[in-house]
Amino acid sequence: MYGYVIVREMDDDNDALVRKVTPFQRRCILLYWVKTNDGGTVDMLYFACYLGCEVRTIQYDLHWLEKQGYLSIEPTVDEHGATSVNKYHFIRGIESEFYDFKPTVKKVYGKGNALALREWHWDDYKDIPGAYDWYHNAFDKFQNYSELMSKRHKKRKIEDKRMTEIRPPFLKKPQK
């Protein structure tokens, strides 16, 4: 499943826990990594494996970030004059609530889903109105819808909690 990461493998008692890293979120994670490792190289295979995409996608994302003016890419050569790995320099951050939360690969896989990534696959909730078969009836579809709404509500609660953590103190919600 492209773009999905498996946080917990499926076992006898539980389904697999997957999270979806969107292209924008992936770019934020890459840019934050460049910010914390300014002037360093990027292990593209590492990011591709842990963000559920291809190495070429990571390369496209880094070039996109350069075109948008978020980072600069410094080509390097080795002692024999051959092209070596690029060095990446941070220029400015992305104006985004997601980026403000300092996204990392560790947080993608972290317990509690601190980045509020989507934890479901849309295929599990596909619904064709009026189509019933021997296995799925209207009640099953209602249960699926209820489950999806509860997952979306849980995701929104995490996002709201995250927002209260990064807001300045005078904008925080009053404590009850």
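Every read-out reported here was derived from the displayed coordinates using simple, explicitly stated rules and does not represent laboratory data. Remember, predicted model here, so these are calculated numbers, not experimental data. Note that we place each Cβ from the backbone using ideal geometry, even for glycine, and neighbour counts take in every protein chain shown.
Cross-link list 102/154; 106/157; 87/157; 67/157: which exceed 29 angstrom alpha carbon to alpha carbon?
Pairs exceeding the cut-off: 87/157; 67/157.
For 100, 140, 61, what's the fewest-to-most ordering of other Cβ within 10 Å of each Cβ?
In increasing order of surrounding Cβ atoms, one gets 140, 100, 61.
Can you return the aspartates and glutamates within cross-link range of residue 161? Criterion is Cα-Cα under 18 Å, with same-chain partners fewer than 8 residues away left out.
97, 100, 119
Can you put 57, 104, 36 in order, fewest other beta carbons within 10 Å first? List each step's numbers first, then the result.
Working: 57 18, 104 15, 36 11.
In increasing order of surrounding Cβ atoms, one gets 36, 104, 57.
Taking the Cβ of each residue in 84, 150 as the centre, tally the other Cβ atoms inside 10 Å and list the residues starting with the fewest.
So the ranking, lowest neighbour count to highest, is 150, 84.
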